[in-house]
Ligand SMILES: [Zn+2]
């Protein structure tokens, strides 16, 4: 199926200039002439055309030589002028966030899609919601899903059980059949806009790497703690998905050989071990003698409540133990703790840091930083902006 065009195709000279700018944070016209080996007059004319078409933008500033009169303008791909709709199909909440491709969030609204209805009806509802909410057609739609997802293939089926026939009574995140094969081309056709589908934790990792605390890190690992445990890996600014798209599925690291059976077909997975232990809110509720909500617990942690902070530090320690081998293999320079925890993430980071320093060699933990994410609830939309920018530039150069 043909890709949906974003703009009319670039001519070869224009494509050359854009491809040079893809991997750089801007260049002057003179630098572009050197990098493309095109005459300066050709570069100047091409840049003027591309600025006119909204592909490039320029700023006058620091790049110019000092004392040489007017500083030279820096030319960049214009990401601020392009917009993505980040559609989050979460476990308990759905939303649409309008975000510029440079990462700035513009607007957010709730979404109520029935994921169990037939695909055609979902597509129609999704298209209506995106267009109604955006007020204009976004350049790219990024759909975030709370399950592993491999581009071009889809979500892995739950082993042993056909879709919709899992023998579990506990309410589970609905896994619509249409996600079992990648529907992004069909969605692109229906919406008239490129659509990319990605796992939510991967997007949060990309968000913190592109626009948050992991900006500038070489290898960062984002650790999601609530509601599910998992990791997103970003190496050199690019998401590392692994061969099958399930890199970082830490919830299914086996921590107990004789543990409970897990939905994934394994036994003693980290996620089952945690689910059977007391949860944060259960533990705090027992101590308080009343029910508490997660938000209250997180705000107590942010306020320095010693009991809640102790619980979170212990959680950091328990997460760190199955991560030891992973950290040793990957040698990251930064572990980012769940942005959604807000100020409560610091206590989890303390537990992680302590155990990793205690259980790994100095070679591994030297230079490894553990820091809370800073994007709170906008990590996923920020990651959607990074992915949408990649998609937009790829289409420009196609
Ligand atoms: Zn499992």
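Based on what the data block shows, is residue 286 within 16 Å of the ligand (Cβ to nearest atom) and part of a helix (DSSP H, G or I)? Criteria not met by residue 286.
Counting only residues that are more than 19 Å from residue 227 (Cβ to Cβ) and out of contact with any strand residue (DSSP E or B) (no Cβ under 9 Å at 6 or more places or on another chain), the range 85-126 holds 14 of them. The set of residues in the range 289-314 that are assigned to a helix (DSSP H, G or I) and surrounded by fewer than 18 Cβ atoms within 10 Å (Cβ to Cβ) comprises 294, 295, 296, 299, 302, 306, 307, 310, 314.
Please state which of the following conditions residue 350 fails to meet, knowing it meets all the rest: (1) assigned to a helix (DSSP H, G or I); (2) within 16 Å of the ligand (Cβ to nearest atom). Only one criterion is unmet by residue 350, namely (2). Whether a residue is in a strand (DSSP E or B), buried (at least 19 other Cβ atoms within 10 Å of the Cβ) and modelled with pLDDT of 85 or more was assessed, and residue 188 does not pass this test. Within the range 204-220, being touching a strand residue (DSSP E or B) at 6+ places or on another chain (Cβ under 6 Å), within 22 Å of residue 343 (Cβ to Cβ) and crowded, with 24+ Cβ neighbours inside 10 Å holds for 204, 205, 208, 209, 214, 220. On inspection, residue 208 passes the criterion of being under 30 Å from residue 24 (Cβ atoms), assigned to a helix (DSSP H, G or I) and more than 16 Å from the ligand (Cβ to nearest atom).
Applying the set (1) closer than 30 Å to residue 195 by Cα; (2) in contact (Cβ under 8 Å) with a residue 12 or more places away in the chain; (3) surrounded by fewer than 24 Cβ atoms within 10 Å (Cβ to Cβ) to residue 346 leaves exactly one unmet item: (1). Give me the pairs, please: first residue somewhere in the range 246-264 and farther than 14 Å from residue 319 by Cα and modelled with pLDDT under 85, second residue anywhere and within 8 Å of the ligand (Cβ to nearest atom) and assigned to a loop (DSSP other than H, G, I, E, B), beta-carbon distance under 6 Å, and either six or more positions apart or on two chains. So the pair list comes out empty. Note on the range 67-107: among residues that are more than 17 Å from the chain's Cα centre (by Cα) and in contact (Cβ under 8 Å) with a residue 60 or more places away in the chain, the one that is farthest from residue 48 (Cα to Cα) is 92. The criterion of being surrounded by 15 or more Cβ atoms within 10 Å (Cβ to Cβ), within 16 Å of the ligand (Cβ to nearest atom) and without any contact (Cβ under 8 Å) to a residue 60 or more places away in the chain does not hold for residue 326.
Just so you know, in the range 261-278 the residues that are assigned to a loop (DSSP other than H, G, I, E, B) and in contact with a strand residue (DSSP E or B) (Cβ under 7 Å, 6 or more places away or on another chain) include one that is farthest from the ligand (Cβ to nearest atom), and it is 268. For the range 221-248, filtered to residues that are within 15 Å of residue 329 (Cβ to Cβ) and touching a strand residue (DSSP E or B) at 6+ places or on another chain (Cβ under 8 Å), the residue that is farthest from the ligand (Cβ to nearest atom) is 235.
The values are calculated or read from the model by the stated rules, or taken from the named source; none is laboratory data. Note that this is a predicted model, so its numbers are computed, not measured. Cβ sites come from the backbone with ideal geometry, for glycine too, and all protein chains shown count toward neighbours.
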